[in-house]
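Report on the structure given below.
Since every read-out is calculated from the coordinates, none of them should be taken as a lab result. A quick note: this is a predicted structure, and the numbers were derived from the prediction, not measured. Here Cβ is always computed from backbone atoms with ideal geometry, including for glycine, and neighbour counts include all displayed protein chains.
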Ligand SMILES: N[C@@H](CCC(=O)N[C@@H](CS)C(=O)NCC(=O)O)C(=O)O
């Protein structure tokens, strides 16, 4: 299926019964969560990219809010919201598992707490936070401390243990995109690396994973998308 982002006026793709589909946008961090889970679990699927600035009408029948990601499972049911999609994938395709019983409740807490970082990140890239980059990074670092401490407590390469799990997948898209901040702000990023040795090691471990490599997006392109959104002339396909 075409990787171009389908717009208003496009034909609705023929969906084959029993086949899983992910409605995505190449640069969306929430859709990235679902793509990571699909790749990690090696679930055969098709991706249909949606032009979020000029949405096809037929897409609103699938997801009335017109957001991505949306997932259509082999049962034909539509699932929306990245966390629900990833959890649904884990139930439908349990191997490899994203949770282990001992850490499940703490994992859910960590994913929820990471939401604060997502909000800060989103406010600053979309120009809703006028603070200088250093201040933003300092606040993000404060929220990141519990993740460093958690890796120390767990003593493992990943939050999931010896292999990635739910926390690794749910937070990775923003960690990968953090390198775009200096490009968006056109300022150097000063991050107190010495405070986060385990997070830095975790980033290296994640970057070496096949499913992370398969879904990695060039950071320059993400920065270009954000800057073009600010100018109001986004073309998802030519970035
Ligand atoms: N809470 C949703 C957020 C999804 C979301 O905000 N996606 C953005 C793209 S990154 C979107 O679809 N924006 C288009 C719109 O809001 O109309 C999730 O976790 O899936």
Counting only helical runs of four or more DSSP H residues, what would the 222 nm mean residue ellipticity of the chain come to if each run contributes -39,500 (n - 2.57) and the total is spread over all its residues?
-15500 deg cm²/dmol
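If I take R0 = 25 Å and measure r between the Cβ atoms of residue 143 and residue 53 in this structure, what FRET efficiency does the formula 1/(1 + (r/R0)^6) give, to the nearest 0.05?
0.25
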Hey, in the GNM for the chain with a 10 angstrom Cα cutoff, which one of 105, 178, 141 fluctuates hardest?
105
Convex hull over the alpha-carbon atoms of region 101-208: what's its volume per residue in Å³?
93 Å³
I want to check the label-to-label distance for residue 208 and residue 61. Put each point 7 Å from Cα in the C-beta direction and report it in nm to one decimal.
4.8 nm
Considering only DSSP beta bridges where both residues belong to the chain, give the percentage that are antiparallel (nearest 5).
60 percent
Determine, for 109, 192, 101, 150, the number of other Cβ atoms within 10 Å of each Cβ, and report the residues in order from fewest to most.
101, 192, 109, 150
